[in-house]
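**Student:** Following this message is one structure expressed as structure tokens.
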Amino acid sequence: MNTHKIALIPGDGIGRDVTNAAWAVLQTVANTSGFALEGTEFPWSCAFYKQTGRMMPEDGIETLRGFDAILLGAVGWPAEVPDSVSLHGLLLPIRKAFVQYANIRPHRLLPGVEGPLKAEGFDILCIRENTEGEYSGAGGRVHQGTEDEVAVETAIFTRTAVERILRFGFEQARARRGKLASVTKSNAQKHSMVFWDEITRKVAADYPDVEVTSYHVDAISARMIMAPESLDVVVASNLFGDILTDIGAAIQGGLGFAASANINPGRSAPSMFEPVHGSAPDIAGKGIANPMATIWSGAMMLDHLGEKDAAARVMAALSSVTAIGIGTVPGKDSTDAITAAVIAALTSSKD
Ligand code: IPM
Ligand code: MN
């Protein structure tokens, strides 16, 4: 029997609830699909930081390298550890060290979920560059603590990273509806985004079957709200993609539905699957976190591991649950009730 080794990092706050929920669903689908998921849990989190002074051990990356995939809940507990410390100590180093350069976020309405728009329907796949750009971490502060203090945060765009993310986007567009939106701001950012546009045109030449349009980030933000059905694959830099995918989450009914995959397409290291949402301290411990985003991310993990049928079964189960109104209204159904409903749907779909 095929066994996939999964590193589980529940992290902070609701991260634990949603990871437990997704793991129970994934175990159910594995048991009824003829493969095994072997999970190893790591307590790396802000609580771990308080005990050890680190978000993960020094050899954390090397430990994770041996796994087939990583399922992560949420990182951050700002009341105790500044976000700039916790994120740079766990989530962001994993994305970079494992060259998870494609951050993929699907935005569509599950059946029965209305969302805030009057849109008939939409199906957007946002692909965010995940290793550099505005989040490179290059920069520094000088004259610290004085009136003359300066902070510099330098965005880094390399030909290698821009070209590979666009190419990845074109491949996805080709496999979907053949439309690609390249997100730019070259009217104002005359170095990095002019470069991005040039590379978009260069890569587009290899994909004559894909219809490509460049949109400025401000214009596409409005378009995602006014005409989301006009978009298919959207490729963006790290910061632009971060912001656009929160809009994507909002139009699909909220962060409780927004899944994401940090993919290393070359498979030289494990990929990581996590909901877009964070640790949600305001609802942590209340048992009402919506686990759907993490379950959906788990389906993306199965897909990446080659368990395509199992991934499709999880998505069908999620859809059948939302279709009867379970988990569609924030806070109405408990995490456990939603999880049990998804598991019941999976079990009854077995044959
Ligand atoms: C996300 C999050 C992270 C990001 C934060 C927590 C660093 O907002 O995954 O979208 O910006 O990548
Ligand atoms: Mn974000």
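The values are calculated or read from the model by the stated rules, or taken from the named source; none is laboratory data. In this text the structure is predicted, and so the values were computed from the model without any measurement. Every residue, glycine as well, gets a Cβ built from its backbone with ideal geometry; the counts of neighbours run over all protein chains shown. Surface areas here come from the heavy atoms of the whole protein model, side chains and all, with no ligands, DNA or RNA. Shrake-Rupley method; radii C 1.70, N 1.55, O 1.52, S 1.80 Å.
**Student:** How large is the dipole of the range 116-251 about the Cα centre if only Lys and Arg carry +1 and Asp and Glu carry -1, each at its Cβ, rounded to the nearest 20 debye?
**Tutor:** Around 440 debye, computed over the range 116-251.
**Student:** Could I ask something else about it? I need the peptides 7-13, 106-112 ranked by packing, meaning the mean over residues of other C-beta atoms within 10 angstrom, with the highest value on top. Don't skip to the answer; put the middle values down first.
**Tutor:** Values: 7-13: 25.3, 106-112: 19.4.
Packing proxy ranking, top to bottom: 7-13, 106-112.
**Student:** Select from the chain the helices, each a whole stretch of DSSP H, whose alpha-carbon atoms run 15 Å or more along the helix axis and whose Kyte-Doolittle mean is at least 0.0; answer none if there are none.
**Tutor:** Taking the DSSP H segments of the chain (at least 15 Å long, mean hydropathy at least 0.0), we get 14-31, 192-204, 238-251, 292-304, 308-323, 335-348.
**Student:** Per-residue HN-Hα couplings for the range 82-95, Karplus 6.51 cos²θ - 1.76 cosθ + 1.60 at θ = phi - 60°, whole Hz, x for Gly and Pro?
**Tutor:** For the range 82-95, the Karplus-derived couplings read x, 4, 5, 7, 5, 5, 7, x, 9, 5, 5, x, 5, 4 Hz, x marking Gly and Pro.
**Student:** Shifting gears a bit: At what distance in angstrom do the alpha carbon centres of the range 172-223 and the range 324-351 lie from each other?
**Tutor:** 38
**Student:** On to the next question. In nanometres, what is the gap between the two model label sites at Ser230 and Val194, each 7 Å from Cα along Cα-to-Cβ?
**Tutor:** 2.7
**Student:** Have a look at the DSSP beta bridges in the range 116-251 and tell me what percent are antiparallel, nearest 5.
**Tutor:** Working: 6 of 19 bridges.
About 30 percent, rounded to the nearest 5.
**Student:** Carbon-plus-sulfur fraction of the accessible area of the chain, 1.4 Å probe, in percent?
**Tutor:** 53
**Student:** Looking at the range 66-144, which GluC sites (Glu not before Pro) are in a loop (DSSP not H, G, I, E or B) and have at most 16 other Cβ atoms within 10 Å?
**Tutor:** Here the GluC sites (Glu not before Pro) that fit, given the DSSP loop and packing criteria, are Glu80, Glu114, Glu120.
**Student:** In square nanometres and to one decimal, what's the mean projected area of the convex hull around the Cα atoms of the chain? Intermediate values should be presented prior to the final figure.
**Tutor:** Working: hull surface 75.4 nm².
Directional mean of the projected Cα hull area for the chain stands at 18.9 nm².
**Student:** Using θ = phi - 60° and the Karplus relation 6.51 cos²θ - 1.76 cosθ + 1.60, list the HN-Hα couplings for the range 254-265 in order, rounded to whole Hz, with x at every Gly or Pro.
**Tutor:** x, 5, x, 10, 8, 9, 8, 10, 9, 9, 9, x
**Student:** How many Å³ per residue does the convex hull of the Cα positions in the range 116-251 occupy?
**Tutor:** Working: hull volume 16.6 nm³, N = 136.
Convex hull volume per residue, Cα atoms: 122 Å³.
**Student:** Same structure again: Of Lys5/Lys308; Lys5/Lys96; Lys50/Lys332; Lys286/Lys308, which sit over 23 Å apart, Cα to Cα?
**Tutor:** Where the Cα-Cα span goes over 23 Å, the pairs concerned are Lys50/Lys332; Lys286/Lys308.
**Student:** Right, another one. Give me the number: length gained by fully extending Val152 to Met1, i.e. 0.36 nm times residue separation minus the C-alpha to C-alpha distance, one decimal in nm.
**Tutor:** Working it through step by step, the gained length comes to 49.1 nm.
**Student:** Follow-up. Just name one of Ala161, Ile247, Ala138: the one whose Cα is farthest towards the positive end of the charge dipole of the range 116-251 (beta-carbon charges, Lys/Arg +1, Asp/Glu -1).
**Tutor:** Toward the positive end, the furthest listed residue is Ala161.
**Student:** Further, regarding this structure: Need the full-extension length gain, Glu80 to Ala205, defined as separation in residues times 0.36 nm minus the C-alpha distance. One decimal, nm.
**Tutor:** Full-extension gain reported as 40.0 nm.
**Student:** Go through Ala30, Pro208, Asn187 and say which Cα lies farthest out towards the positive end of the charge dipole of the chain; charges sit on Cβ, +1 for Lys and Arg, -1 for Asp and Glu.
**Tutor:** About the Cα centre, the residue reaching furthest to the positive side is Pro208.
**Student:** Same structure again: Could you sort the peptides 60-72, 22-34 by per-residue average Cβ neighbour count (10 Å cutoff), highest mean leading?
**Tutor:** Final packing ranking: 22-34, 60-72.
**Student:** If you don't mind, there's one more thing I want to ask. Leu92 to Leu239: extension gain in nm, 0.36 nm per residue of separation minus the Cα-Cα distance?
**Tutor:** Here the answer is 51.6 nm.
**Student:** Summing -39500 (n - 2.57) over the DSSP H runs of n ≥ 4 in the chain and dividing by its residue number, what mean residue ellipticity at 222 nm do you reach, to the nearest 500 deg cm²/dmol? The partial results should precede the final answer.
**Tutor:** Working: 12 runs with 142 residues, N = 351.
Calculated at 222 nm, the ellipticity per residue is -12500 deg cm²/dmol.
**Student:** In the range 78-111, which residues have a backbone nitrogen under 14 Å from the label point lying 7 Å from Arg141's Cα in the Cα-to-Cβ direction?
**Tutor:** Label zone hits: 82-85.
**Student:** Quick one: which residues, 5 or more positions from Ala102 or on another chain, have an amide H under 5 Å from its amide H? H modelled 1.01 Å from N in the peptide plane, none for Pro or chain starts.
**Tutor:** Amide H to amide H, under 5 Å and 5 or more residues apart or across chains, Ala102 pairs with Ile263.
**Student:** Quick one: in the range 165-208, what % of C-alpha pairs are over 14 Å apart?
**Tutor:** In whole percent, the share of Cα-Cα pairs in the range 165-208 beyond 14 Å is 47.
**Student:** Given H placed 1.01 Å from N in the peptide plane, which residues other than close sequence neighbours of Ser271 have an amide H under 5 Å from its amide H?
**Tutor:** Those qualifying (amide H under 5 Å, at least 5 residues apart or on another chain) are Ile70, Asn264.
**Student:** Once you put a point 7 Å from the Cα of Ile61 and another 7 Å from the Cα of Thr40, both along the Cβ direction, what distance in nm separates them?
**Tutor:** 1.8
**Student:** Could you do me a favour and compute the accessible area per residue for the chain, 1.4 Å probe, result in Å²? Don't skip to the end; give the middle numbers.
**Tutor:** On the way: 14930 Å² over 351 residues.
Here the per-residue accessible area is 43 Å².
**Student:** A further question on this structure: Could you tell me what percent of the DSSP beta bridges with both partners in the chain are antiparallel, to the nearest 5?
**Tutor:** Antiparallel: roughly 45 percent of the beta bridges in the chain.
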